[in-house]
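Below: the structure, in structure tokens.
The values are calculated or read from the model by the stated rules, or taken from the named source; none is laboratory data. In this text the structure is predicted, and so the values were computed from the model without any measurement. Cβ sites come from the backbone with ideal geometry, for glycine too, and all protein chains shown count toward neighbours.
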Amino acid sequence: MSKEQPSKEIIDKIQLLNEKYKSSGQDMLSYLEGLLYADYLTYWDYINLDTLLTLQQPKTSFKDEKIFIIYHQITELYFNLIIWELEQISEQKNIKAKFIKERLNRVIMYFDQLISSFSVMWKGMEREQFLKFRMSLLPSSGFQSAQYRIIEIMSTEIQYLVNLEDREDYMDINLTSVDSLFDILYWQFGAKELATGEQTLTLKTFDEKYGKQLKELIIKYRKINLWKVYQHCPDIDEELTELMRTYDLKANVFWPLAHYKSAVKYLHKAPADIAATGGTNWQKYLPPRFQKVIFYPELWSEREKEEWGKGWVMKEVFGEEE
């Protein structure tokens, strides 16, 4: 019985493989031999499922703490996807509006998922359990998410992230001292001790771990952040501009507002509020109308900027109009 001969398609593919490996000085036969002995790829190995399911390590015996951990891990994965898209935009040569739109639509989709995902905690975590296990998490805080700071730095001019009270003075600054500018970024004022106004341990440890990396990123993205790319795009149109505005709202109004709603549910206790785990001043830090972080102020009218976030807190949190 004669052996079945390989089809022309297989022969063509082998020829293409040979050319590929030859061009890089590799021996195709060695790779084929390796393929012969390699095991078939499985789903659980590909996504490292067994490892993934060991990454939830609660600090207490409260069952709902696992929900809290998984939710924040999912959040960080979405942040990583957003960073991946922003990197593609900043690195693309001869950028066109079509490319930016495609990636921005993905980023907006990821933010939509993040905004709606807070219901995982609203509906799936008992307040009584949270208020108990949270004390074992001190001084860690979601404030310490370096990936979100990376997203901000990649999205806009660093001057737009300066604390609101100092922002006007730094609008036209020539970026010469990253260290001094870093110290007045708005998030530095969100982790101050409520009683003394001093830096919390949450902020100190965050700066120790990520400060150098973030400062280097500020320098790297000075000329290739999303706003700069948008400005230099040769075929800007209304659709792209509207996507930039939508992204601005998702990141700087609806996302912090969703976080704020969660904080109100779990940390509000009349007549006083319960301090967040890291000692952060969440009442002033989270509501967008206080920080007024706007990635693209040039795309908004003076009235829109003045009313940034106004009304959303009362409407979405308390069901009232201002």
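Quick notes
- Considering only residues in the range 132-167 that are touching a residue at least 60 places away in the same chain (Cβ under 8 Å), aliphatic (A, V, I, L, M) and touching a helix residue (DSSP H, G or I) at 6+ places or on another chain (Cβ under 7 Å), the one that is surrounded by the fewest Cβ atoms within 10 Å (Cβ to Cβ) turns out to be Leu164.
- Evaluation of Asn48 against the conditions (1) of a type outside the set (Asp, Glu); (2) touching a Gly at 6+ places or on another chain (Cβ under 8 Å); (3) over 30 Å from Glu128 (Cα atoms) shows that the sole unmet condition is (2).
- Unique residue being modelled with pLDDT of 95 or more and loosely packed, with under 14 Cβ neighbours inside 10 Å when the list is Glu302, Glu242: Glu242
- Taking the range 9-116 and the helices (runs of 4 or more DSSP H) fully enclosed by it, the elements with 3 or more residues that are surrounded by 13 or more Cβ atoms within 10 Å (Cβ to Cβ) and free of Cβ contacts under 8 Å to residues at least 24 places away in the same chain are at 28-37, 65-91.
- Among the residues of the range 140-171, those that are within 22 Å of Thr75 (Cα to Cα), modelled with pLDDT under 85 and either of a type in the set (Asp, Glu) or assigned to a helix (DSSP H, G or I) (or both) comprise Gly142, Phe143.
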